[in-house]
1. Round to the nearest 10 and report in Å² the accessible area of A:His178, as given by a 1.4 Å probe over the protein chains' heavy atoms.
2. Quick one: check the C-alpha center-to-center distance for the range B:219-244 versus the range A:209-271, whole angstrom.
3. Cα gyration tensor of the protein assembly as shown, axes a ≥ b ≥ c as square roots of the eigenvalues: rounded (a/c below 1.5), prolate (a/b > b/c) or oblate?
4. From the protein chains alone at 1.4 Å, what is the descending order of accessible area for B:Val129, A:Val87, largest first?
5. Only Cα pairs under 8 Å and at least 6 apart count here; give the relative contact order of chain A as a rounded whole percent.
6. Calculate the dipole size of the range A:174-271 relative to its Cα centre from +1 charges on Lys and Arg beta carbons and -1 charges on Asp and Glu beta carbons; express the result in debye to the nearest 20.
7. Could you order peptides B:181-193, A:68-80 by the average number of other Cβ atoms within 10 Å of their residues, highest first?
8. Give me the percent relative contact order of the range A:2-111, please, defined on Cα pairs under 8 angstrom at least 6 residues apart.
Amino acid sequence: MGEILEMVDSFVSEGRSIVLFYPSVAEYEKYAENADRNLAVVGSENVWGAEKFIELPLEFENIKEKIRFGLEGAIKNGIVFDGDEIVCIAKLFSNELDSIMKMRVEESQLNSGVYSFFLNSKSDASVIKDVLELVIELGKKGQNGEPVGALFTVGDAGKVMNKSCPLSYNPFEKSHVHVGDSIVNVMLKEFSRLDGAFVISDEGKIVSAYRYLEASSEGLNIPKGLGTRHMAGAAITKDTSAVSIVLSESDGLVRCFKSGELILELDPEAY
Amino acid sequence: MEIVEEFQLLFSERVVLISFLLILGAIVAQIIARRSKRILEKIGIPEAVEGTSLERAMGKMGTSTVVMVSKISMWLIIGGTILLALNLLEVNYSEKILVITTNIFPAIFASLVIFLAGIVLGDKAEILVARSLRGIKLSEVGLIPKIAKYSVIYISILIVLGQLDVATNALVVLLGAYALSIVAFSAVAFSDMLKSTASGLYLVIAQPYKIGDEIRVGEAKGIVQEITMLVTRIESDEEEFMLPNDRVFREGVATKVNRD
């Protein structure tokens, strides 16, 4: 750990921005102490009290995604700029910061929309993260080993409810279950049996299940070959300010939509 | 002559016994220290104290809170064995000292641990409060976590002093006055919130309207987006209203009548 810090000094000329990815508190402090340069931290929560902090709610396994989405957030927050040469320090093999990368920031390559999917949506980032984790869990487990599909809309629940109709009695009527609650993990298996969409409110309340989404798919631009579930999930995000998270039954991938566009594609098995 | 020899024999036996005891004590102390370190690590103490100022101070001295606590327990055991050994040697000290040491020793140990725990908990409280206030960039807000921290430390000091049999009545009265003033202050400051929460409780249980319904409260009209304990958020085409729940209660709700 100490050697990495020395390496940074010999490796980086003065005045470069340094971006740390998920450091521990002790590691951050060591860098903050003897760095008078532009130091930013990417993490899920600002436990370091860092001045320049980029919130990335999901800790991506893949280092490439981690850096891409972290830097996207750094650009959005005005911490680094297009064309800057920066240094990223991240965990690659061990559980501490062990690798240094020097790179040029290319804004055009970092415009995936993942950062604003989490942070600039109507609902809280933590709620979207909870739902995403739920869907990933669902994708991993399936139903008795069989792959299942699911569709969750998050946020703007009032509008979503008015743009959909019930397929059956709402099992969540008069209930007060939130996606972050621990009971949700127990109910997970039951969830996979329900057809239609789940509607989650801005603050994470499970408003309804069994919803048939009636948004129009006109002018929708999503990749061909995705089924009706994805179509419905994408369409509702165009008509409302909700985002949707879809688990595919056929290929097992998790896809996130916002404003009618595919933002993120994840393989649940990789988490 | 015989008596002297016997005495020497006895004495040497005793020396062997005592040195054996001391060595055993040292070994047990080491084992306990290591065990307690492992147990503390297993129940997640290092994560719990991470970031607190005590841990940071310990880190600067090249140790950690966990190591410190296990060291304290080690020295306690070693001290105990030395006491026992002195007792066996029948060193001539008065009964009084023995009583004092056996009574005060555990009390000091307990108060040390309580004090350390108090400091750690205080730091933890500060961090937690500061984290929940993180979004607010206001210099005055920095005071609240500090107040939380020192309240916890104050209480721990009270407990410590109680352990050591120091008269703490005046300090307890001070604590009572402080707690009372907080209650009185918050009763006045948060009266609206209390009202809203009480109304919110009814709304959450009875659910006169649910998310997606179109309702009207006084001037505000729109689709319900969220119902929390404090507020109901409704949204019309142009505007989003945040209605305190006590207002919903006072002004009543108009919902659409279903006439199918």
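1. Number for this one is 60 Å².
2. 28
3. On the way: a/c = 2.37, a/b = 1.76, b/c = 1.35.
Prolate.
4. Sorted descending by solvent-accessible area, the residues read B:Val129, A:Val87.
5. In percent, rounded to a whole number, it is 16.
6. Roughly 200 debye for the range A:174-271.
7. On the way: B:181-193: 10.9, A:68-80: 20.3.
Final packing ranking: A:68-80, B:181-193.
8. On the way: 174 pairs, mean separation 28.9, N = 110.
26 percent.
The values are calculated or read from the model by the stated rules, or taken from the named source; none is laboratory data. For clarity, every value in this text was computed on a predicted model and none was experimentally measured. As a convention, Cβ positions derive from the backbone with ideal geometry for all residues, glycine included, and neighbour counts pool all protein chains shown. Protein only, heavy atoms only, side chains kept; ligands, DNA and RNA dropped before computing areas. Shrake-Rupley method; radii C 1.70, N 1.55, O 1.52, S 1.80 Å.
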